[in-house]
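Here is the structure we will look at, set down as structure tokens.
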Amino acid sequence: MRRLLPLPIALCLLTSYPSAAGENAFVNDPEPPGPSNITEGTPWTEIQRPLPPWPKDSDLVEFQIDSPAKSPFRFYIDAKNLEVGADQVVRYTLVAETANGTRNLSVEGLRCTPRGKYKIYAYGNANRFAPVEAADWQPLSFMPSERYREDLWRYHFCIPREFRPRPKKDMLRSLRGQIAPRQNTGFQAD
């Protein structure tokens, strides 16, 4: 049978516990020192751009999405207004067309971050764009209905493993299927 602690010792231990818990015998440094050659980077800021003009059919470049499920849309990018801003945002006009010819248009931006981010600037209706109020950057969604954004980020607009945009001419070549698949892997070609 176990022997219980004598009552006076147990009372001493219980009364001393709260005061000991509040004390710290060590002095914490305010912040760990960092190497002197490391400097803080400048925070990223987005530049404001006017909305592009309504796209012409002759400027649209169709691209295919890499998906096991057949999409009900055909996707196009307005080649004339595809641009990379000084803030490294790829801005583009997207046209999603149904089989019966109905079109959904949006002006979007894509950032070549490690996981990708996008922003919708405006939606198109009746040959003009209506800006989206208080639009914010969103992480890429891997939902089947938004697969086109992931494909633009992964295969067409961004350089794999470098997290920066391709030159515009390379983006257009990729959208048109003129870049070999191995050039989209991030490894150097032979």
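Annotations
- So residue 96, is it within 26 Å of residue 162 (Cβ to Cβ), touching a residue at least 40 places away in the same chain (Cβ under 8 Å) and surrounded by 12 or more Cβ atoms within 10 Å (Cβ to Cβ): no
- The listed residues are 135, 130, and the only one of them that is within 22 Å of residue 86 (Cβ to Cβ) and either in contact with a Phe, Trp or Tyr (Cβ under 8 Å, 6 or more places away or on another chain) or surrounded by 10 or more Cβ atoms within 10 Å (Cβ to Cβ) (or both) turns out to be 135.
- Number of residues in the stretch 156-190 that are assigned to a helix (DSSP H, G or I) and either at pLDDT 90 or above or charged (D, E, K, R) (or both) equals 11.
- Residues of the stretch 36-54 that are surrounded by 10 or more Cβ atoms within 10 Å (Cβ to Cβ) and more than 30 Å from residue 129 (Cβ to Cβ): none at all.
- Residue 173, sole failed condition from (1) surrounded by 19 or more Cβ atoms within 10 Å (Cβ to Cβ); (2) under 18 Å from residue 65 (Cβ atoms); (3) over 21 Å from the mean Cα position of the chain (by Cα): (1)
- Scanning the stretch 126-147 for residues that are in contact (Cβ under 8 Å) with a residue 12 or more places away in the chain and in a strand (DSSP E or B) turns up 128, 129, 131, 138, 139.
- Qualifying residue in the stretch 78-87 (condition: farther than 19 Å from residue 47 by Cβ, in contact with a Phe, Trp or Tyr (Cβ under 9 Å, 6 or more places away or on another chain) and part of a loop (DSSP other than H, G, I, E, B)): no
The values are calculated or read from the model by the stated rules, or taken from the named source; none is laboratory data. These numbers come from a predicted model, not from an experiment. Note that each Cβ is placed from the backbone with ideal geometry, even for glycine, and that neighbours are counted across all protein chains shown.
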